[in-house]
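These notes concern the structure reproduced below.
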């Protein structure tokens, strides 16, 4: 069995959530007799392991804790309770514009993103052509990225992420942005990564076909709790049986 590269042990993550305020609430809050925010658990006592080379899909409704899980793995935030162990270089594709400087052009942002992801300048220089070719943004690389559409951000961000020497690739719904052609191209690339069996992929998506296509197994989160883990088809059956909930 391949080594464990991500391990959650009874992880709870609590965020302060702003309360709805009325005029009657303002004075006690100003006098610090009443808190401005209340704690809310985004994850509750979650435990799981992911092995090297696995492709794992995280499934759940909005607010279930999927993005929080990726942010914890990426080191963007930390557990409130419990412990978390992550081994290897991480390439997070969680928020489209994260790691981009809007005044810099496409080429400059490749070097900026690569440096943030821990690549040396020599490593980045060796992969610039591959990154640009995969993104197919040749005509836009000298433009500042503030002029990019969301689809162009996705193309460049995804291209950088899959051409790094990452051990763990984190993807959060970003493939839902952009045209069908590039979505399919991206999924083909993820399938190749899966078949190579060296890079661990953690994928958040509501798209059942995509998760079933390239994830070895899935985790189902409900209201911050891990309620099931298993083959994607089985997990989606449970997911579709969840009661409807308004957000």
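Quick note: the coordinates plus some simple rules give every number you see, no bench work behind them. Fair warning: this is a prediction, and the values are worked out from it, not measured in the lab. Counting neighbours? That spans all protein chains shown, and the Cβs are built from the backbone with ideal geometry, glycine included.
Bin width 10 Å, origin at 0, all Cα-Cα pairs of the stretch 90-166: what percent of pairs per bin?
Pair shares across the bins are 21, 61, 17.
Looking only at 137, 93, 219, which one moves most when the chain is put into a Gaussian network model with springs between Cα atoms under 10 Å?
Highest fluctuation among the options: 137.
Using only Cα atoms, tell me the angle between helix 106-116 and the longest principal axis of the chain; keep it within 0 to 90° and round to the nearest 10.
Computed tilt is about 60 degrees.
So how far, in whole Å, is the C-alpha centre of the stretch 118-180 from the one of the stretch 187-208?
After rounding, the separation between the Cα centres reads 16 Å.
Expressed in nm to one decimal, what extension gain is obtained for the pair residue 49 and residue 143 from 0.36 nm per residue of sequence separation less their Cα-Cα distance?
29.6 nm
Suppose each label sits 7 Å from its Cα in the direction of the beta carbon; what would the residue 244-residue 17 distance come out to in nanometres?
Each label point is offset 7 Å from its Cα along the Cβ direction, giving 2.2 nm.
Tell me the mean residue ellipticity at 222 nm calculated for the chain from its helices only (DSSP H runs of n ≥ 4, each -39500 (n - 2.57), averaged over every residue, nearest 500).
After summing the helix terms and dividing by residue count, I get -11000 deg cm²/dmol.
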